[in-house]
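Input: a single structure, listed below in structure tokens.
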């Protein structure tokens, strides 16, 4: 078992960061990527410019490894697109780590050798068996430890309000894009001069809506509807100038301005229950209301972890977020409204199954507040623990940028456009929201 590699699932930013830390500690490892290329999930949003500058995107161990091989870092204060992150950072890193990376290798199951989830005897002393599906069929890999950094981008939430696909959602799948389409590029023809509804209220929705506004400037017949489940805007537009990531703050303010200029119609307090064909388009229905007829739906309703490969492991998850129980209270969007999460590592990521860890976006379960820096700190701490360096594993080496959305920036006044709907339900609710962060 001591000779078996640590298996990392996923060759995205956090998976490759874990690989860099393992390489630095001269520990055997293997990276399994389901896609045909590294960072397959990042490629799907390669056209999107992130709101974190390069200095928050490069892992320290990865940077040390790259520097040894003559790598020149990009301007640390610029904002890259997903494609640029791959081209200028992940691809050069993967080239160095190439002997340890296997693409087209989808992990479909992880277990202890000779034991299912129920059996206890000698469990911690048994190696892991990782079952992989590839182009040549199935194979099994023996591992001393497993780090699941497979992410969540491949498993988006449906638009149905109850967490399951709305009635008719599957039948109209050809009219729904889950994520952020390349509205101003490859997908332009799909949305130009069309009636488009965006469902969701996070930064992905902001990006899609603003791209549609830009498209509308060139194609005036484009109609934009924004559907939100929430009944109040509250602090949805973010921290503005108080955000430690200026581009993130600016994103919300740009959307706020677009709404003021009537570029976007808004329907709030709308829980999608069904998708139905109607005349020359489709409509979304709630229990009591329906949208106008639209041609296309962009679903930016968040992501969820795929847990099917973990069924034979003793994994403990929070019943609400599907994140490790010790991490869940730190990231629960029902409690935290600032978008800040304290740095954390191996202590918050442990499961009853020794030497198994979920890191990166998947560790957050259904919570939407993940930053790459958080995943890099997780990777550093977990690898240190696997190496037996408990002093380093317990040490905190990360300071996260804060949003500043609760205590310093009031909710924007859109009362003339939406009436009382945009305000918090009461002054007591406002005090309670601020009290969660101040």
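Per-structure values
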| read-out | value |
| --- | --- |
| Members of the stretch 345-365 that are more than 25 Å from residue 113 (Cα to Cα), in a loop (DSSP other than H, G, I, E, B) and at pLDDT 95 or above | 365 |
| Odd one out for residue 130 among (1) surrounded by 17 or more Cβ atoms within 10 Å (Cβ to Cβ); (2) more than 21 Å from residue 9 (Cα to Cα) | (2) |
| Total residues in the stretch 42-59, condition in a helix (DSSP H, G or I) and in contact with a helix residue (DSSP H, G or I) (Cβ under 7 Å, 6 or more places away or on another chain) | 3 |
| Residues being over 25 Å from residue 105 (Cβ atoms) and touching a strand residue (DSSP E or B) at 6+ places or on another chain (Cβ under 8 Å) - total across the stretch 294-322 | 9 |
| Options 180, 147, 141; residue that is in contact (Cβ under 8 Å) with a residue 24 or more places away in the chain, in contact with a helix residue (DSSP H, G or I) (Cβ under 6 Å, 6 or more places away or on another chain), part of a strand (DSSP E or B) and surrounded by 13 or more Cβ atoms within 10 Å (Cβ to Cβ) | 147 |
| Residue ID - nearest to residue 300 (Cα to Cα), chosen from residues in the stretch 48-81 that are touching a strand residue (DSSP E or B) at 6+ places or on another chain (Cβ under 8 Å) and at pLDDT 95 or above | 81 |
| Members of the stretch 183-208 found to be farther than 15 Å from residue 291 by Cβ, buried (at least 22 other Cβ atoms within 10 Å of the Cβ) and in contact with a strand residue (DSSP E or B) (Cβ under 8 Å, 6 or more places away or on another chain), listed by number | 191, 205, 208 |
| Residue match in the stretch 99-106 (condition: within 20 Å of the chain's Cα centre (by Cα) and either surrounded by 21 or more Cβ atoms within 10 Å (Cβ to Cβ) or over 27 Å from residue 182 (Cβ atoms) (or both)) | no |
| Of all residues in the stretch 183-207 being assigned to a helix (DSSP H, G or I) and closer than 28 Å to residue 369 by Cβ, the one that is modelled with the lowest pLDDT | 203 |
| Matching residues in the stretch 57-85 - criterion: being closer than 19 Å to residue 207 by Cβ and buried (at least 19 other Cβ atoms within 10 Å of the Cβ) | 57, 80, 82, 85 |
| Any hit, the stretch 2-19, residues being closer than 19 Å to residue 102 by Cβ and at pLDDT below 95 | yes |
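The values are calculated or read from the model by the stated rules, or taken from the named source; none is laboratory data. Here the structure is a predicted model, which is why all the values come from computation and not from measurement. Cβ atoms come from the backbone with ideal geometry, glycine included; neighbour counts cover every protein chain shown.
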